[in-house]
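Peer 1: Got a structure for you, written out below as structure tokens; questions coming shortly.
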Amino acid sequence: MRYNSARQMIFDAYRMTGDSVMAGAIDRARLGNVVQATQKQNNDWRIVHGLEAGAVISRVEALPVHLKAMALYCYGPLTREERGEYLDEIQVALYRELLADGIRLPGQGRGKPSQKQLNQFYWLCRAAAYHYAETTWPYSRSGLPTPKAVQRFMLEDYGVDVEVRDWARKDRSAWGGIWARILACLDTLDNRCLGVVAQLMYAEAA
């Protein structure tokens with residue numbers, strides 16, 4: 001595989017695992033064989049590529065559950081159905097992490113958020129993760145580019161209504177600010193999972 005980016009490494013590695021010729025090589029890499037030494041000694045580049053794919057997969061599989069989910073949901077060559085279970089993990093991780101961070105929801109006031117507010121936030125986490133994956137490589141689509149698009153998606157896909165009239169207000173908590181916080185959290189998760197895989201690219205260049 002050519003190491004162009006950590007995103008591409010994940011996509012290509014998992015795409016290669018369906019090839020039975022490489023299965024043994026991938027298993028060997030999962031057990032920790034040294035890929036660089038094999039590259040110098042083995043002229044069968046299909047096996048070499050299998051070893052490289054296995055090294056990437058071993059890094060991804062060793063990640064904490066929510067980071068592995070992030071890597072595969074965003075960059076795995078998966079069907080919509082296969083991606084769904086990973087989206088569940090990301091949604092829960094975002095919800096828990098941001099609540100633990102003390103995020104205040106629109107309309108919350110000084111007390112605890114209502115069940116309705118928590119429900120809106122829970123599903124907004126899912127919509128934001130969907131948007132994030134849609135707008136990054138390899139999909140590079142528009143995702144949910146406007147507040148109205150978010151509102152429509154939430155209602156049609158999850159049956160949850162989020163008021164977007166005050167989306168961009170800065171003087172108090174608004175869903176636009178919450179959306180930005182969720183995307184920032186996704187950036188952090190993304191950097192953490194990609195950073196582990198990118199170490200292989202740095203090792204190759206050394």
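Peer 1: So which GluC sites (Glu not before Pro) in region 130-206 are both in a DSSP loop and have at most 14 other Cβ atoms within 10 Å of their Cβ? Working shown, then result.
Peer 2: On the way: sites: E134, E156, E163, E204; in loops: E163.
Those satisfying the criteria are E163.
Peer 1: Could you go through region 127-144 in sequence order and give the Karplus-derived ³J(HN,Hα) for each residue, using 6.51 cos²θ - 1.76 cosθ + 1.60 with θ = phi - 60°, rounded to whole Hz, and x for Gly and Pro?
Peer 2: Couplings: 4, 5, 5, 4, 4, 4, 5, 5, 8, 9, 5, x, 7, 6, 9, 6, x, 10 Hz.
Peer 1: Which of rounded, prolate, oblate describes region 57-150, given a ≥ b ≥ c as roots of the alpha-carbon gyration tensor eigenvalues and a/c under 1.5 marking rounded, otherwise prolate only if a/b is larger than b/c?
Peer 2: Numbers: a/c = 2.74, a/b = 1.55, b/c = 1.76.
Here region 57-150 falls in the oblate category.
Peer 1: Same structure again: So what's the net charge close to Y73: Lys and Arg +1, Asp and Glu -1, counting the other residues with Cβ under 13 Å from its Cβ?
Peer 2: Details: positive: R7, K68, R80, R83, R126; negative: E81, E82, E85, D88, E89, E134, D190.
It works out to a net charge of -2.
Peer 1: Starting from the residue with the highest accessible area, list H66, H131 in decreasing order, probe 1.4 Å.
Peer 2: Values: H66 50, H131 25 Å².
Of H66, H131, the descending order of accessible area is H66, H131.
Peer 1: With a cut-off of at most 14 other beta carbons within 10 Å, and DSSP calling the residue loop, which chymotrypsin sites (Phe, Trp or Tyr not before Pro) in region 75-142 qualify? Please list them. Before the final figure, lay out the partial values.
Peer 2: Numbers: sites: Y75, Y86, Y95, F121, Y122, W123, Y130, Y132, Y139; in loops: Y139.
Listed in order of number, the matching sites are Y139.
Peer 1: When we measure straight from the Cα of K116, which aspartates and glutamates land under 16 angstrom away, once same-chain ones fewer than 8 places off are left out?
Peer 2: Reachable aspartates and glutamates: D161, E163.
The values are calculated or read from the model by the stated rules, or taken from the named source; none is laboratory data. Fair warning: this is a prediction, and the values are worked out from it, not measured in the lab. Here Cβ is always computed from backbone atoms with ideal geometry, including for glycine, and neighbour counts include all displayed protein chains. Areas reflect the complete protein model, heavy atoms only, side chains present, ligands, DNA and RNA absent. Shrake-Rupley method; radii C 1.70, N 1.55, O 1.52, S 1.80 Å.
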